[in-house]
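The values are calculated or read from the model by the stated rules, or taken from the named source; none is laboratory data. All figures in this text were calculated on a predicted structure; none of them were measured in a lab. Ideal geometry is used to build each Cβ from the backbone, glycine not excepted, and the neighbour counts take in all protein chains shown. Protein only, heavy atoms only, side chains kept; ligands, DNA and RNA dropped before computing areas. Shrake-Rupley method; radii C 1.70, N 1.55, O 1.52, S 1.80 Å.
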Amino acid sequence: MRIGELAARTGVSVRLLRYYEEQGLLETHRREGGHRRYGDDAPAVVRNIRALLGAGLSTSAIRDVLPCVGGDGSVAPCMLEVLEQRLDLLDRQMLSLGASRAALAGIVAAARREAAEPVPV
């Protein structure tokens, strides 16, 4: 299928499909005249890419994981360690964000208290 058809079937822009190709995530074959042609499995591959991006994986991590992803989106156990590492990283980032939010909330609360106090004359 051509790139425009793949874009229409997946809801992903042509520009983004080209980016996926540049990142080594989406395989294409060039025909005469340089036109891209995608295999019948391309829509499933694009859906898997989108799902993995939505799960917070980088394109480089997706490049490693994608060969182990089935057409239904299931990931083979061979990638479990990579996915668990990413999950641990997200957990640490969430803890850090929680601490940052608490600190900022304290600063905002102090500023509100100060703003509410009458100014001495």
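Some notes on this structure:
- Close Cβ contacts (under 9 Å, 6 or more residues apart or on different chains) running from residues in the range 71-82 that are farther than 17 Å from Pro43 by Cα to residues that are acidic (Asp, Glu) and at pLDDT 85 or above comprise Met79/Asp64; Val82/Asp64.
- The requirement of being modelled with pLDDT of 95 or more and either open to solvent by 60 Å² or more (accessible area, probe 1.4 Å) or more than 20 Å from the chain's Cα centre (by Cα) (or both) is satisfied by Leu95.
- Answer residue from the range 38-86, given it is crowded, with 17+ Cβ neighbours inside 10 Å and among the small types (Gly, Ala, Ser) and is farthest from Gln23 (Cα to Cα) among those: Ala42
- Condition check for Arg31: over 18 Å from Arg15 (Cα atoms), touching a strand residue (DSSP E or B) at 6+ places or on another chain (Cβ under 8 Å) and surrounded by fewer than 16 Cβ atoms within 10 Å (Cβ to Cβ): yes
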